[in-house]
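Report on the structure given below.
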Amino acid sequence: MSQPTPSLPITTSQTIGPFPHEGWRWAFDAHDDTRAVQIRGRIVDGAGAPVDDALIEAWVPGATSGTVLPGLPGLFRTHAVEGGAFRLCLPKHGVAGEPAAYVTLFARGLTKHQFTAVFLADQTDAPLLAQVPAERRATLVAKPGEGGGHVWDVVLQGPSETVFFDYS
Amino acid sequence: MRFDAIPQGTWPDLIYPEYKSTAKRGPQQAPLRVKAPVAVEQPLGYLASLLSEGDSDLTTRGQSAPLGEKIVVTGRVTDEDGKPVRNSLVEVWQCNAAGRYFHKRDQHNAPLDPNFFGFGKFLTDHEGRYRFVTIKPGPYPWANHSKAWRPAHIHFSLFGNVLAQRLVTQMYFPADPLFPYDPIFNSVTDAAARDRLISRFSIDETVGDEMLGYVFDIVLRGRDATPFGL
């Protein structure tokens, strides 16, 4: 394909750093056990150490209203705590072929935010997942959790590195 | 919208050895280029309930004026075609004039300012413009290496109009002597891309005897946008 007109060069990224919490707090989502999709997990680095200062945004496709986050329908923002643990309490959407949520990760030491997604076991026929090499797909699929809910761990680096996207 | 591949060196290196905490946190695999129509086409909706009084003037949140140099920061948010990114959410956060964040984990031995918390948010207007009033942040040390001091900066979080435009970055001030020594700034290996993170002083935006003006224009990814949000 041709490139008819030159584009403006983009503004690059810089790490979120360790201190975003006060500025981002207005949009932190309260954990809500009544929502249909309960995902819990840990975010770890390449040495298996917890990333306890990560910020996590989950965007549920198709949501236009009715979520509790003030101002941004479908967006659920949370932060990791001790042990790198996090929880996402999401509504169940009815959009066929889509993940449970599109996820964006931010952390100190992560120079650029990372896009990924989390699928539930009954969403694995999604076109987005089909674009991921088969041997890495499991990094994007939440497993059934003991005592209910789903478990999805995020690995920033290494042999079991979570798949990160560049949207085209 | 269309999201072309970004030239090498424009994004910061995910593993940049001089910035030590990238060593184990930076992904090693190249990001997978995927088609995800929802991420590049579905408009993010913003509700008016998102903004509160005083969100765009960080100097009005205390009992009296904060210490430091009051400034105004303004700019235009566009996409790669130069089209305005309208009605989109921008968040900012920063340390105070002494270089201390209002954050329980900040251990820097500099005073907190009881009248300055250092965060705000606002929407871009129909031209993609934003404007907020704050205090010029100070430089501060961090533990990365001996005499590691961050150049003064304001953190920006931008949502754009679709998910794929999401960006978190930092705005710097002109001619900061700390630039050559800062591995976060230099994790962007393309010099022109680094320079685009530096705001410019503007006598036009300067407000009388009240505050100096700085301009920071931002280009988010994406081309061939259809008009969103009316």
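Couple of notes before you dig in:
- Selected residue (criterion: surrounded by the most Cβ atoms within 10 Å (Cβ to Cβ)) from residues of region B:207-229 that are more than 22 Å from B:Arg166 (Cβ to Cβ) and in contact (Cβ under 8 Å) with a residue 24 or more places away in the chain: B:Tyr214
- Subset tally (residues that are over 15 Å from the mean Cα position of the chain (by Cα) and not hydroxyl-bearing (Ser, Thr, Tyr)) for region A:81-124: 14
- Condition check for A:Ala117: crowded, with 16+ Cβ neighbours inside 10 Å, of a type in the set (Gly, Ala, Ser) and not in a loop (DSSP other than H, G, I, E, B): yes
- If you check B:Glu127, B:Glu53, B:Glu80 for being closer than 16 Å to B:Ile218 by Cβ, among the acidic types (Asp, Glu) and without any contact (Cβ under 8 Å) to a residue 60 or more places away in the chain, only one passes: B:Glu127.
- Taking the listed residues A:Arg40, A:Arg25, the one that is out of contact with any helix residue (DSSP H, G or I) (no Cβ under 9 Å at 6 or more places or on another chain), surrounded by fewer than 22 Cβ atoms within 10 Å (Cβ to Cβ) and either on the phi > 0 side of the Ramachandran plot or in a helix (DSSP H, G or I) (or both) is A:Arg25, with no other qualifying.
- Check on B:Ile6, surrounded by fewer than 20 Cβ atoms within 10 Å (Cβ to Cβ) and more than 7 Å from chain A (Cβ to nearest Cβ): no
- Filtered residues of region B:198-230 (kept if of a type in the set (A, V, I, L, M) and within 30 Å of B:Val38 (Cβ to Cβ)): B:Ile218, B:Val219, B:Leu220, B:Ala225, B:Leu230
- Residues of region A:8-25 classified as closer than 26 Å to B:Gly222 by Cβ and either out of contact with any strand residue (DSSP E or B) (no Cβ under 9 Å at 6 or more places or on another chain) or at pLDDT below 90 (or both), total: 0
- In region B:44-57, of all residues being more than 10 Å from chain A (Cβ to nearest Cβ) and either crowded, with 16+ Cβ neighbours inside 10 Å or touching a strand residue (DSSP E or B) at 6+ places or on another chain (Cβ under 7 Å) (or both), the one that is farthest from A:Val103 (Cα to Cα) corresponds to B:Asp57.
- Close pairs (9 angstrom Cβ cut-off, 6 or more residues apart or separate chains): at the interface with another protein chain (Cβ under 7 Å from one of its Cβ atoms) and part of a loop (DSSP other than H, G, I, E, B) in region A:46-64, surrounded by fewer than 21 Cβ atoms within 10 Å (Cβ to Cβ) and β-branched (Val, Ile, Thr) anywhere: A:Gly46/A:Val155; A:Pro61/A:Val95; A:Pro61/B:Val38
- Residues of region B:64-79 that are surrounded by fewer than 23 Cβ atoms within 10 Å (Cβ to Cβ) and part of a loop (DSSP other than H, G, I, E, B): B:Ser64, B:Ala65, B:Pro66, B:Leu67, B:Gly68, B:Glu69.
- Members of region B:186-202 found to be more than 10 Å from chain A (Cβ to nearest Cβ), surrounded by 18 or more Cβ atoms within 10 Å (Cβ to Cβ) and either farther than 13 Å from B:Gln170 by Cα or of a type in the set (Ser, Thr, Tyr) (or both), listed by number: B:Ser199
- Scan of region A:100-158 for residues that are among the acidic types (Asp, Glu), without any contact (Cβ under 8 Å) to a residue 40 or more places away in the chain and over 20 Å from B:Val38 (Cβ atoms), ordered by number: A:Glu135, A:Glu146
- Candidates are the residues of region B:30-42 that are part of a loop (DSSP other than H, G, I, E, B) and surrounded by fewer than 15 Cβ atoms within 10 Å (Cβ to Cβ); the one that is nearest to the other protein chains (Cβ to nearest Cβ) is B:Lys35.
The values are calculated or read from the model by the stated rules, or taken from the named source; none is laboratory data. None of the values given here were measured: they were computed from a predicted structure. Positions of Cβ are generated from backbone atoms using ideal geometry, with glycine treated the same way; all protein chains shown enter the neighbour counts.
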